[in-house]
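Notes to accompany the following structure.
The values are calculated or read from the model by the stated rules, or taken from the named source; none is laboratory data. Predicted model, so just to flag it, every value in this text is computed and none were measured. Heads up, the Cβs are rebuilt from the backbone with ideal geometry, glycines too, and the neighbour counts pull from every protein chain shown.
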Amino acid sequence: MHTLLWERKIKGCALTVVQGDIVSEQVAAIVNAANNRLQLGSGVAGAIRNAGGPAVQQECDAWVAAHGEVPTGGAAITGGGKLAARVIHAIGPVWGSGDEVAKLSAAITAALELAEQHDLASISFPAISSGVFGFPKELCAKTFFDTIENWLDEHAKRSLQTIRFCNFDEATARVFEREARRRFG
C-alpha cells in the first residue's frame, strides 16, 4: 500500500512522492541504494533481496565479477529476479567522505542515464545515502530535485516519463514531500 503525498507534471515528466515499499512500485525500474560491491544487505537492498530472490544477488555478483566494483557516484543495472521491475543499483556517498552533494548528484544522474539507455519509461528512487550512509535527509531531497530538474532540462526528448520518490518511513517521505511543495507548489 502506497500513500500518495505529492504529484506534479514538471517539464513534461510526472514527478510523484509516495510513502511505501519500493519493491511494490509499478515502474520499469526501482533504484537500490547500493554499496560499491553490490552486496544486498539491509534497508532498501535487503527489501530487494527478499522480494526478488537470490537471482538479484547472483546478477549483482556477476556484474562485479565482469566489471569490478561500482564507483561512488556510479550505477549498474540488473534484473529484478521475481520483481516485475529491473533494478538500478546507484552508489551514493557516505556522509563525511567529502564532496557528498556532487557524488550523490552523480549517482542520481547515473541511474537516470541507465534508465534512458535501456529505454525505460518509469523509475522509482529511495532517498539514496540518507540511511546508514548518514546523508542529511533535507539536503538529500534538495539534491535529488536539483539534479532531476537539471537532467530534465538537458533531456527534453526522453523515454523516461515518470520519476517517483518512494520511501518506506514516513519521516523521509515527508521530507521529500516538503521539498517538492517548496520547489513546485
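None of Leu40, Leu4 is free of Cβ contacts under 8 Å to residues at least 24 places away in the same chain, under 20 Å from Phe133 (Cβ atoms) and either in contact with a helix residue (DSSP H, G or I) (Cβ under 8 Å, 6 or more places away or on another chain) or not in a helix (DSSP H, G or I) (or both) except Leu40.
Within the range 65-103, the set of residues being buried (at least 16 other Cβ atoms within 10 Å of the Cβ) and assigned to a helix (DSSP H, G or I) comprises Glu100, Lys103.
Selection within the range 43-56: residues that are of a type outside the set (Gly, Ala, Ser) and in contact with a strand residue (DSSP E or B) (Cβ under 9 Å, 6 or more places away or on another chain). The member of this set that is surrounded by the most Cβ atoms within 10 Å (Cβ to Cβ) is Ile48.
Inspection of the range 78-97 identifies at least one residue that is more than 16 Å from the chain's Cα centre (by Cα) and within 14 Å of Asn35 (Cβ to Cβ).
Candidates are the residues of the range 121-132 that are surrounded by 22 or more Cβ atoms within 10 Å (Cβ to Cβ) and among the hydrophobic types (A, V, I, L, M, F, W, C); the one that is nearest to Gly73 (Cα to Cα) is Ile128. Would you mind stating whether Ala65 is of a type outside the set (D, E, K, R) and within 29 Å of Glu179 (Cα to Cα)? So Ala65 does not fit the description; no. Criterion first (over 19 Å from Asn32 (Cα atoms), of a type in the set (S, T, N, Q) and at pLDDT 95 or above) does Ser129 satisfy it? When the stated conditions are applied, Ser129 does not pass them. Any residue at all in the range 149-160 that's surrounded by 18 or more Cβ atoms within 10 Å (Cβ to Cβ), in contact with a helix residue (DSSP H, G or I) (Cβ under 6 Å, 6 or more places away or on another chain), at negative phi and in a helix (DSSP H, G or I)? There is at least one residue in the range 149-160 that is surrounded by 18 or more Cβ atoms within 10 Å (Cβ to Cβ), in contact with a helix residue (DSSP H, G or I) (Cβ under 6 Å, 6 or more places away or on another chain), at negative phi and in a helix (DSSP H, G or I). Residues that are among the acidic types (Asp, Glu) and within 21 Å of Arg178 (Cα to Cα) within the range 112-159 comprise Glu138, Asp146, Glu149, listed in sequence order.
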